[in-house]
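The values are calculated or read from the model by the stated rules, or taken from the named source; none is laboratory data. This one's a predicted model, so the numbers in the text were calculated from it and none came from an experiment. These accessible areas exclude ligands, DNA and RNA; they are computed on the full protein's heavy atoms, side chains included. Shrake-Rupley method; radii C 1.70, N 1.55, O 1.52, S 1.80 Å.
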Amino acid sequence: MQVVTDPSSAPRQSGKNMIAIASGKGGVGKTWFASTLSHAFARQNQKTLLFDGDLGLANVDVQLGLSPEKDLGGFLAGRYAMDVAVSRYDLGGFDVIAGRSGSGNLATLGTDKLMLLCSRLVEHAAQYDRVILDLGAGVERTVRYLASRASRCLVVTTDEPTSLTDAYAFIKLSKLQNSATEISVVVNMADSTSDGERTYNTLRKACENFLKITPPLAGIIRKDAKVREAIRAQVPLLQRHPDTHAAKDVIDLARKLAT
């Protein structure tokens, strides 16, 4: 029997309706963006699932004010099937699989368990129009492997040098992994659209010069004080402040992805 020690060499099952949200670096608003994008898709009458793929530092449930009885940790422990771990988020009109903080660390998953997780996730994704994967920060193999299950990966960055460097590192390692996932860039917390374009162009030039690829710009989310206020209130931005710059930018991006 052949034993697979590196999941990147194993046969892959991908979800065409799955969008991974990555960053390389924490603190760029990745989880907020993932949950808001899920809400935007739900508002388009698309059946949507938000999957929290960061067990050790998971905070989707915290940001949304959820207290789920079941989470991804229970599935990984073999206590129940993945569909049992699904919670309904009524305020946003979408489903959530929470990876509650402290229930374990996805980075320490063995190869067999990681492959099982991805296989079950792809199977479960068939019940939805859109599945958003909120990946953990960093470039660990588990993060990249989960990203490779999706048809598209949105790499979130800001204008901070470390954010750009880590976003580049994620794109580079994904390219070396020969992933078929389409990678594009989202610039978050931009002072303006033009500033966001400058940030993107910095990353684009690095990718063109050293990787010989040009990841397209998926969208720019402008800096908005209402975002922090909505997070503190644990209320979705699209419900609390639907007419703000950031809300409109995510809605526009969701419409673009739907075409």
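Could you state how much accessible area Arg43 has, in square angstrom rounded to the nearest 10, with a 1.4 Å probe and all protein chains kept in place?
Approximately 130 Å² for this residue.
Accessible area per residue, 1.4 Å probe, Å², for segment 162-259: what's the number? Show your work: numbers first, answer last.
On the way: 5180 Å² over 98 residues.
Heavy-atom accessible area per residue stands at 53 Å².
State whether segment 12-95 is rounded, prolate or oblate according to the following rule on the C-alpha gyration tensor (a ≥ b ≥ c being the square roots of its eigenvalues): a/c under 1.5 gives rounded; otherwise a/b larger than b/c gives prolate, and the remaining case gives oblate.
Rounded.
Cross-chain or 8 or more residues apart, Cα under 17 Å: how many lysine pairs in segment 102-236 fit that? Count them up, please. Each step should come with its number before you reach the end.
Numbers: Lys172/Lys205; Lys172/Lys212; Lys175/Lys205; Lys175/Lys212.
Counting lysine pairs in segment 102-236 gives 4.
If ligands, DNA and RNA are left out, what is the accessible area of Asp71 with a 1.4 Å probe, given in Å² to the nearest 10?
20
Leaving ligands, DNA and RNA out of it, rank Lys25, Lys205 by accessible area with a 1.4 Å probe, largest first.
Values: Lys25 50, Lys205 110 Å².
So the residues, ranked largest to smallest area, are Lys205, Lys25.
May I ask for the percentage of alpha-carbon pairs in the chain that lie more than 32 Å from each other?
Within the chain, distances greater than 32 Å cover 16 percent of Cα pairs.
Given an 8 Å cut-off on Cα distances and at least 6 residues of separation, report the relative contact order of segment 85-209 as a percent.
Details: 100 pairs, mean separation 23.6, N = 125.
It rounds to 19 percent for segment 85-209.
Under 8 Å for C-alpha pairs, at least 6 residues apart: give me the relative contact order for the chain, rounded to a whole percent.
25
In whole percent, how big is the carbon plus sulfur part of the accessible area of the chain, probe 1.4 Å, protein atoms only?
49
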